[in-house]
Amino acid sequence: MGTIHIHGGIPLQGAIKIQGSKNAALPIMAATLLVSGKCLLKGCPRIADVFYMQKLLESLGCVTRWEGDAIAIEPVNICMGEMPADAVKGMRSSLTLLGALLGRCGKAALEYPGGCVIGKRPIDMHIKALKQMNVCFGENDSMLYAWSKKLQGGRITLECASVGATENIILAGVLAKGKTEIQGAAKEPEVVALCDFLKACGAQIEGAGTEQICIEGVEKLYGAEYEIPKDRIAAGTYVLACMAAGGEILLKNAPVKEMDALLDITEQMGAFIQKSRQEIYMQAPKRPKAVSKVQTAVYPGFPTDLQSPLLSVLAVADGSSEVKENIFENRFRIVPDLVNMGAKVQQVDARTVHIEGQERLKGAVVTARELRGGAALVIAGLSAQGETGIKDTIYIDRGYVNICRDLRELGARIYSV
Ligand code: EPU
């Protein structure tokens, strides 16, 4: 399952380029099912979840080919065959295949999707919304079946701004009959990217990035080339790594405009930040200052995916902080490992932790339990005194192209075996 070894305590220095966004790439790959012709997705990150999605698309009849960091996908002969169970179960985003398959074939059969163990992650909103689009559902212990004689647009109100549910409605709506209106849509940049890609293929969508998205169904979509946007969470991970380890770094190709919430907090913690359109230069303070209260929120608020990485910084900050997790109910799984490394983190209630910043953490053997928690342990290891071993790094590979290589380029002593 892989182990990362880190010799901590070395300030970061240098420049790296940011990878393409995982959470933009996955639904866009699913969306290629809706297209007649070949799509070329440039700057697609070569990570485990993207390979899972590639495998799923191939099992459904797509022809795929990597050309450097671009992946060409052509849905040649789509059939609703068996999808590899390991790929569906291993990845939450296999759920976006539901909307895409309904749009393409009028039916879908999926094993209940898996993903990180960060909460219950129900799919009730996806199902309720698609039912309003004339989709019928059936299920047994492990499988979900969906079918529709003709997808029909409708007026759908989401009770909370779910990213995945918004994406599934868009995927089902672009080839549906008539107009689909989503009220309470997710505003995340990854939703905007999905809409931009679909528009490049001929879809008619308005309002992406706002709470109200309007889709006018079209007859057909055509192949297109599209550049996957850069990964705001990967970029944020490196910003926080520099905060914990100290030093000064330059992030090239960073999605700067999407990172305000993180960069504001980083400045509050004492960093010097200089932004240009696609670059972030930062100088970390000698020791980060604590922040009295941070809470995660939907975009443009502080992203839940950077909550664990932030904990690793606050663990060595000067003063005490409080972090509240509002999106997922089980996203403090790294707390015992941070405590094992000498952090003083206390769970106040199910959603809140209190952190008493320590001068230093100490290296230890810890275990990655999910993607962003794993990245947070890497950050903790970079700042800790001595050696840290992180086991089960397979989780980290799901979202980062090569976190060890990137951090080595910034001068860290880190390698994986
Ligand atoms: N929810 C429901 N019912 C639903 C759908 C969602 O109760 O039908 C709840 C979830 O349980 C959660 C909240 O709504 O508590 C938000 O979930 P959302 O649907 O917005 O999240 P998601 O689509 O499952 C995506 C990202 C996550 C990211 C969240 C929030 C992908 C593949 N995943 O998940 O990314 O944390 O949005 O921004 O895009 C990660 O990259 O590590 C990751 C977990």
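The values are calculated or read from the model by the stated rules, or taken from the named source; none is laboratory data. Everything quoted here is computed from the prediction, not taken from an experiment. For neighbour counting, all protein chains shown are included, and Cβ atoms are generated from backbone atoms with ideal geometry for every residue, glycine included. Accessible surface is based on the protein model in full, side chains and every heavy atom, while ligands, DNA and RNA are left aside. Shrake-Rupley method; radii C 1.70, N 1.55, O 1.52, S 1.80 Å.
Given the peptides 233-244, 348-359, 48-59, 201-212, arrange them by the average over their residues of other C-beta atoms within 10 Å, most packed first.
On the way: 233-244: 26.9, 348-359: 15.0, 48-59: 20.8, 201-212: 16.7.
Put in order of decreasing packing, that is 233-244, 48-59, 201-212, 348-359.
Provide the gained length on full extension for the span ASP392 to VAL365, in nm with one decimal, where the gain is 0.36 nm per separating residue minus the Cα-Cα distance. Don't jump to the answer; show the numbers that get you there.
On the way: separation 27, 0.36 × 27 = 9.72 nm, distance 1.12 nm.
Gain on extension, ASP392 to VAL365, equals 8.6 nm.
Sorting check: for 165-171, 375-381, which peptide has the highest mean count of neighbouring beta carbons within 10 Å, and how do the rest follow?
Details: 165-171: 28.4, 375-381: 30.0.
Final packing ranking: 375-381, 165-171.
Just tell me which lysines come within less than 21 Å, Cα to Cα, of LYS131; anything on the same chain fewer than 8 places away is out.
LYS107, LYS149, LYS150, LYS177, LYS179
I'd like the carbon and sulfur percentage of the solvent accessible area for region 281-394, probe radius 1.4 Å, heavy atoms only, ligands and nucleic acids excluded.
Values: 2070 of 4310 Å².
So the carbon and sulfur contribution to the accessible surface is 48 percent.
Grab every C-alpha pair in the chain, bin the distances at 10 angstrom width from 0 up to the longest one, and report whole percents.
5, 23, 31, 24, 13, 3, 0
Counting heavy atoms of the protein chains only and a 1.4 Å probe, report the per residue accessible area for region 22-227 as a whole number of Å². Don't skip to the answer; put the middle values down first.
Details: 8100 Å² over 206 residues.
Averaged over the residues of region 22-227, the accessible area is 39 Å².
Rank ASN134, CYS79, ALA315 by how far each Cα sits towards the positive end of the charge dipole of the chain (+1 on Lys, Arg Cβ; -1 on Asp, Glu Cβ) and give me just the farthest.
CYS79
Using a Förster radius of 56 Å, what is the FRET efficiency between ASN77 and SER320 based on their Cβ-Cβ separation? Nearest 0.05, please. Walk me through the numbers before you get to the answer.
Details: r = 60 Å, r/R0 = 1.06.
Efficiency at R0 = 56 Å is approximately 0.40.
If the chain between THR210 and LYS179 were fully stretched, how many nm would it gain, using 0.36 nm times the residue separation less the Cα-Cα distance? If you can, show how the numbers build up before the last one.
Details: separation 31, 0.36 × 31 = 11.16 nm, distance 1.71 nm.
Contour length minus the Cα-Cα distance gives 9.4 nm.
So which lysines can LYS344 reach, going by Cα to Cα under 23 Å and dropping same-chain residues fewer than 8 places off?
Within the straight-line limit of under 23 Å, LYS344 reaches these lysines: LYS286, LYS289, LYS293, LYS324, LYS362, LYS391.
Provide the FRET efficiency to the nearest 0.05 for the GLN283-ALA350 pair, computing r from the beta carbons and using R0 = 51 Å. It would help to have the intermediate numbers written out before the result.
On the way: r = 37 Å, r/R0 = 0.72.
Computed FRET efficiency for GLN283 and ALA350: 0.90.
Any idea how far apart ARG65 and GLU225 come out in nm if each label point goes 7 Å out from Cα toward Cβ?
If labels sit at ARG65 and GLU225, their model points lie 1.5 nm apart.
Multiply the residue gap between ALA297 and GLN385 by 0.36 nm, knock off their C-alpha separation, and tell me the result in nm, one decimal place.
On the way: separation 88, 0.36 × 88 = 31.68 nm, distance 3.27 nm.
Length gained between ALA297 and GLN385: 28.4 nm.
With θ set to phi - 60°, apply the Karplus curve 6.51 cos²θ - 1.76 cosθ + 1.60 along region 210-224 and write out the HN-Hα couplings as whole Hz, x wherever there is a Gly or Pro.
10, 6, 10, 10, 10, 10, 9, x, 10, 6, 8, 10, 10, x, 8
In whole Å, what are the Cα extents of region 22-227 along the three principal axes, biggest one first?
The Cα atoms of region 22-227 stretch 41, 38, 33 Å along their principal axes.
Which residue, GLY164, VAL298, SER148, has the largest displacement toward the positive end of the dipole of the chain when charges sit on each Cβ (Lys, Arg +1; Asp, Glu -1)?
The Cα lying farthest towards the positive end belongs to SER148.
Within the set of other residues whose C-beta is less than 13 Å from the C-beta of GLN212, count the net charge using Lys and Arg as +1 and Asp and Glu as -1. Write out the running numbers ahead of the final one.
Working: positive: ARG155, LYS179, LYS187; negative: GLU181, GLU206, GLU211.
My count for the surroundings of GLN212 gives 0.
Take SER416 and PHE137, extend 7 Å from each Cα along the Cα→Cβ direction, and tell me the distance between the two endpoints in nm.
Here the modelled spin labels are 3.5 nm apart.
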